[in-house]
Structures are given as structure tokens and as C-alpha cells.
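The numbers here are math on the coordinates, done by the rules we state, and not lab data. Keep in mind that what you see is a predicted model, and the values were worked out from it rather than measured. Counting neighbours? That spans all protein chains shown, and the Cβs are built from the backbone with ideal geometry, glycine included.
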Amino acid sequence: MTQRTLPALLLALGLAALAGCSTPTVITLNDGREIQAVDEPKYDEESGFYEFEQLDGKRARVNKDQVRTVKEL
């Protein structure tokens, strides 16, 4: 019984740690459109763009001037 308990516990802890790493985010643009991102977007000060990964896995960039709000789900 204990041979199965320890690996199951370690697997559960690993999955819990991975689930806590990403926080889905909704980016609302000035024109009312909403974009869902896998994680919180990173702001690049040099270019003035938010960079993020969309739910379909594609990388995207949005100009800071077009963003109204960034909210975590």
C-alpha cells in the first residue's frame, strides 16, 4: 500500500505546483474586444507592447495604447 501512496502524493504535489504557475488573463482593448491569454502579459518598455501567449498557443503583441484593462480570471 505504501509503495503506491508516495508516488501518488508526489504526482499530486507536482500537478498542484504546475497549476499555480499560470493565471489566465483577459485583455480588454479600447474598442471593446477581449483577448484571452494563458498567463499575465509581459510589458516591453522599449517597444511599448504587451507580449503574451493566446489560448491557441500563438504568441501575440498588442500596443499599450490599445489596452484598456488587464484582468486575471
So who's got an amide H within less than 5 Å of the one on Glu40, skipping anything under 5 residues away but keeping other chains? H placed 1.01 Å off N, in plane. Thr23
For region 57-73, take each phi angle, set θ = phi - 60°, evaluate the Karplus expression 6.51 cos²θ - 1.76 cosθ + 1.60, and give the result in whole Hz per residue in order, putting x for glycine and proline. x, 7, 7, 9, 9, 10, 5, 4, 5, 8, 8, 8, 9, 10, 10, 7, 7
Shape category assigned to region 27-73 from the gyration tensor of Cα positions, a/c cut at 1.5: oblate
Please compute the net charge surrounding Asn30, taking Lys and Arg as +1 and Asp and Glu as -1 over other residues with Cβ under 12 Å from its Cβ. 0
Under a point spin-label approximation (7 Å from Cα along Cα-to-Cβ), what is the Ser47-Asn63 distance to one decimal in nm? 1.4
